[in-house]
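Quick notes on the structure that follows.
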Amino acid sequence: MNEVKQPKKPLIYYYCIAILVLMLFNFLAMPWLMQRQIIQVDYGTFMTMIEERDIGQVEIQEQENQIIFTNAENTQVYKTGMVFDPDLTQRLFDSGAVFSGEIIEQMSPVLSFLLTWILPIIIFIGFGQYMSRKLMERAGGPNSMSFGMGKSNAKVYVKSSAGIKFSDVAGEDEAKESLAEIVDYLHNPNKYREVGAAMPKGVLLVGPPGTGKTMLAKAVAGEANVPFFSMSGSEFVEMFVGMGAAKVRDLFKQAKEKAPCIVFIDEIDAIGKKREGQIGGNDEREQTLNQLLTEMDGFEENSGVIILAATNRPESLDPALTRPGRFDRRVPVELPDLKGREEILKVHAKKIKIADNVDFSVIARMASGASGAELANIVNEAALRAVRDGRKFVNQADLEESIEVVIAGYQKKNAILTNKEKLIVSYHEIGHALVAALQNHSAPVQKITIVPRTSGALGYTMQVDEGNHYLMTKEEIENKIATYTGGRAAEEVVFGSVTTGASNDIEQATKLARAMITRYGMSDEFDMVAMETVTNQYLGGDASLSCSAETQTLIDQKVVELVKKQHEKAIQILTENRKKLDELAQFLYERETITGEEFMGILNDGGNAA
Ligand code: ADP
């Protein structure tokens, strides 16, 4: 894409350097020059010069105990120390010297005036100007204030054949379908005008980070072949009240001139957050938001300016922004499903050299829950690994390893576990895997490893869902909790003591158990009453409790009960299958990494599981 950027002006730096040089000159060179101009002589020379009438002006500086004088032509300044000499004035008078009380200028009066008065003033003003401009730049971009207050600085992507197209965005078919209509409208607005259909002024793309919202917006512009203005919501947030609003005004002015076009505001929640009723809110942000609302109301429905905005916090947006006539269309851009993941992997694999026999469906299945950006990262990590190993092509193992890198961090090469620790970790991981495998409704084990990772994990068990699951039954969640407790359960069963290795498991199990009660209505006591509301659907799903303190206590009790029950179940499963547990843990201890097939092979071997 041809991105038209404003060139940076280095002029200010030259200006700054010039000022610095002048300052240096003034402070270092001038006294030196002055010194050079005055020649020190002894009193005898002074007397001789008087006698020879080679004397011009004389200034007797009694306080400094010195006499400054010039020769007859006034071309050289001399100085000499004072000596007690009562008839000096008479002799000077006789020699015809001028000996008024005036100070003898040691250099040309004009130059002196320039250097002592004008130069410091210029430096002072120049430096002030520079500082204030710097401050303004920080406040509102290089063009703000005296050079056009509140310029938007939106990046304009001029239409170009190299632009992103819908085909570059893999998966996200529903989102693409909704946006295709806008592309069609931009191509052929008359078709819509004839029927009297109005295009939505604004389209809100909502979804978790890295799912391709920005890409989709660019693709709309690319497909429609129209200019694309892009700005992030945070760029509107300014130090001075009113400047953000001025930027909004400027952005829309530019957009209207270039219509038909697309204006894309990323992270619109930065300006579009719900306004608060209380006094002392963020005036600047509110003014910016108001300006945005006004602008959106201001232009005609079919003016050809379409505003796309992206956010991953739709619940925090001001309702005024999402009402009809503004961002009235909402396009969800969700995490990709299995098919979507495979497609995204393939799109990014086109950019690298890859072996023919790579099975993307396996990788896609392993990377469940990954966003488009993470998948792009996985492909890149795999390519880097291939380069590191000196290979020309990326193979399956590269991709599989890079999933682990993205999920669990790099292998920690120098982490040295004692044999005892290694054995505990082996039992811990096999505990998870065995509990998972010996229950129904659990995702199959794909891989178990006890190679420490930079993320701090000492090992992990990777389970892979076969297909996409949109619903989970109560039993499935309970089994999942049991699986989380399986690691700790194995330590208890085998070693009779516990380690710190289970902290993450504990957190996950608790989270699930809590959600069962407060959000999924899966407890008898609370029936279908919501005790928690999710405040941040796309960013980790933080929830806030909305119930009385007594209920909270009850919930806590219930959570403990639930986890405890599953923990006991896990211990029971492992005790009953102790032989398999030992066998598998020993195998993992020796190999450090085993695949799901090896695991199932040993588990089903001989059918002697109790
Ligand atoms: P968002 O704006 O939703 O946070 P971006 O559009 O900036 O995400 O996506 C970040 C990067 O992730 C893109 O540059 C692209 O490489 C990759 N990506 C995300 N989603 C997709 C997708 N559906 N198809 C191809 N690449 C994707």
Probe 1.4 Å - accessible area at Asp42, Å² to nearest ten: 90
Solution diffusion estimate, µm²/s, Stokes-Einstein, the stretch 458-561, Kirkwood Rh from C-alpha pairs, 10 °C, viscosity 1.306 mPa s: 102
FRET efficiency, 1/(1 + (r/R0)^6) with R0 60 Å, evaluated for Glu568 and Lys351 via beta carbons: 0.75
Accessible-area ranking of Arg519, Arg365, largest first, probe 1.4 Å: Arg519, Arg365
Amide H contacts under 5 Å for Gln446, placed H, 5+ residues apart: Met462, Gln463, Val464
Local electrostatic count at Gly44 - Lys and Arg +1, Asp and Glu -1, tallied over other residues with Cβ under 15 Å: -3
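Which value does Rg/Rh take for the stretch 531-601 over its C-alpha atoms, Rh per Kirkwood?
Values: Rg = 19.9 Å, Rh = 16.1 Å.
Reported Rg/Rh, Kirkwood definition of Rh: 1.24.
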Pairwise label distance in nanometres, Gln63 with Lys511, each label 7 Å out on the Cα-Cβ vector: 7.9
Heavy atoms of Thr294: accessible area, 1.4 Å probe, square angstrom to 10: 80
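Expressed as a whole percentage, what fraction of the accessible surface of the stretch 334-440 belongs to carbon and sulfur atoms when a 1.4 Å probe is rolled over the protein heavy atoms? Intermediate values should be presented prior to the final figure.
Working: 2750 of 5270 Å².
Carbon-and-sulfur percentage of accessible area, whole number: 52.
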Accessible solvent surface per residue of the stretch 500-610, calculated while the other protein chains remain in place, 1.4 angstrom probe, Å²: 59
Accessible surface of the stretch 500-562, 1.4 Å probe, proportion on carbon and sulfur as whole %: 52
Listed pairs Lys447/Lys480; Lys351/Lys392; Lys134/Lys256; Lys474/Lys511; Lys447/Lys569; Lys480/Lys569 exceeding 19 Å between Cα atoms: Lys134/Lys256; Lys447/Lys569
Table column - 3J(HN,Hα) (Hz), the stretch 515-520, Karplus curve with 6.51, -1.76, 1.60, x for Gly and Pro: 4, 4, 7, 8, 10, 9
Peptide ranges 373-382, 587-596, 563-572 listed from the most packed, as the mean C-beta count within 10 angstrom indicates: 373-382, 563-572, 587-596
Accessible-area value, Lys273, 1.4 Å probe, nucleic acids and ligands omitted, Å²: 80
Inter-label distance for Ala397 and Ser548, nm, one decimal - labels placed 7 Å from Cα along Cα-to-Cβ: 6.3
Geometric extent, Cα atoms of the stretch 165-288 - Rg, Dmax (angstrom): 16.4, 49
Accessible-area order (highest first, 1.4 angstrom probe) of the listed residues Phe124, Phe495, Phe252: Phe124, Phe495, Phe252
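Put His348, His428 in order of accessible area, largest first, 1.4 Å probe: what do you get? Provide the component values of the computation, followed by the final result.
Working: His348 40, His428 10 Å².
If we order His348, His428 from most to least accessible, we get His348, His428.
Please work out the FRET efficiency for the pair Ala18 and Trp117, using the Cβ-Cβ distance as r and a Förster radius of 22 Å; give the result to the nearest 0.05.
Values: r = 19 Å, r/R0 = 0.86.
For Ala18 and Trp117, the calculated efficiency is 0.70.
For the stretch 503-559, just say rounded, prolate or oblate: build the C-alpha gyration tensor, square-root its eigenvalues into a ≥ b ≥ c, call rounded for a/c under 1.5, and beyond that prolate if a/b exceeds b/c, oblate if not. Please report the intermediate quantities before stating the final value.
Details: a/c = 1.68, a/b = 1.21, b/c = 1.38.
Because a/c hits 1.5 or more and a/b fails to exceed b/c, the stretch 503-559 counts as oblate.
The values are calculated or read from the model by the stated rules, or taken from the named source; none is laboratory data. These numbers come from a predicted model, not from an experiment. Please note: Cβ atoms are built from the backbone with ideal geometry, for glycine as well, and neighbour counts cover all protein chains shown. Heads up: the accessible areas ignore ligands, DNA and RNA and are worked out on the full protein's heavy atoms, side chains in. Shrake-Rupley method; radii C 1.70, N 1.55, O 1.52, S 1.80 Å.
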